[in-house]
Amino acid sequence: MADEVMIKNPTYFGIVCPKCGSDDWRVVRTKGSLEAAALNTVDEYMITPLKARCRACHRAFKVVPVEADESEVLSQPATLVAHRVSRITGIVVPNYILVNGVISDSIANGEEIQIELRTKHVYIQMFDASMTGSATFERFEVQPGETVKRDMRIKARWRSF
Amino acid sequence: MTSSDLTQSQLETQASILRLVFLGVFIGLIILQYYLGKNGKSRTAGLVGPVIYGFLRLISNVGGVSSSATYFLGSLFGSVIWGGFLYVIYNHNKKAYDLKQARQKIQLAKQQESTKQTEENK
């Protein structure tokens, strides 16, 4: 991986579509991010460029998380409680949670995991085991020390476009 | 009623019903496989399998002639499909397990660091 960079507080906040300038885009392919996730250290995350697609103009582009500035970093880390809704669909395969462009953890069917959030604006997305088919995706804002709970579910379609 | 009492047409009807039942079970298993691992590669494995099987049945049943080769190939591909499916599932779970291990190591290191800092502060 030639483009690999280690950063402390990755964020997608402020990244817009290069064609129309919209911030309503989503990651559609996470090739290489699982290998990168295994190289994370205590403080730093290994980031990789991921393929994203604008939901307004449908333009595909590469997106790389950037280091969050001081106003964006939380004084006290928040917690995300991610719960994968138990379903027969995909029951035997694990899914992965992408938080701010970094694969945080794997999540089994019906499992609940806790993820530390360091930035104010959060981008979360659940991916399937092959890292191409995407499921739940959401952007939200958190306050320092807040605990946010989200139910993640797998979609029965390849892509939501 | 024993099999010797059955007429030729009754035997043929019984055989065709059995064939339909087996085909139904096979298709049911494929649908189950498709839903159990309904993501990416495992989904492809669940879809490509029946297409190959259907094609083989089609080419080996031309003119209504069914040979033992059909059943041999059918069972062979059935095993390959299920073997491939199980392999993909194993691979996915292994990757997830490795990631969990790496994450646990990081969390342990964080805990040790915070404990060390607390002791130093004291």
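Any read-out appearing in this document is the output of simple, stated calculations on the displayed coordinates, not a laboratory observation. This structure is a prediction, so every number in the text was calculated from the model and none was measured. Glycine also receives a Cβ, built like all others from the backbone with ideal geometry; neighbour counts cover every protein chain displayed.
Summarising the amide proton neighbourhood of A:Glu111: residues at separation of 5 or more, or on other chains, whose placed amide H is nearer than 5 Å comprise A:Arg84.
Each label point was placed 7 Å from the Cα along the Cα-to-Cβ direction; for B:Ser114 and A:Ser71 their separation is 3.0 nm. The residue among A:Val142, A:Gly32, A:Ala78 whose Cα reaches farthest toward the positive pole of the charge dipole of chain A, with charges on the beta-carbon of Lys, Arg, Asp and Glu, is A:Gly32. Distance cut-off 27 Å, Cα to Cα: go down the list A:Lys31/B:Lys116; A:Lys120/A:Lys149; A:Lys19/A:Lys149; A:Lys51/B:Lys95 and report the pairs above it. Among A:Lys31/B:Lys116; A:Lys120/A:Lys149; A:Lys19/A:Lys149; A:Lys51/B:Lys95, the Cα-Cα distance tops 27 Å for A:Lys31/B:Lys116; A:Lys19/A:Lys149. Per-residue shielding of B:85-96, expressed as the average number of other chain Cβ atoms within 10 Å of the residue Cβ, stands at 4. Working note: Karplus 6.51/-1.76/1.60 with θ = phi - 60° gives the stretch B:98-112 the couplings 4, 5, 4, 4, 4, 5, 5, 4, 4, 5, 5, 4, 4, 4, 4 Hz, where Gly and Pro are set to x.
Take each residue in A:73-80, count the other chain C-beta atoms within 10 Å of its C-beta, and the mean is 0. On the basis of the beta-carbon distance and an R0 of 41 Å, A:Glu146 and B:Ser79 show a calculated FRET efficiency of 0.20. Among the cysteines of chain A, each has its beta-carbon under 4.7 Å from some other cysteine beta-carbon.
What average count of beta carbons from other chains do you get within 10 Å of the Cβ of residues in A:32-43?
Mean partner shielding for this stretch: 3.
Relative contact order, whole percent, for the stretch A:5-152 stands at 26, derived from Cα pairs under 8 Å and 6 or more residues apart.
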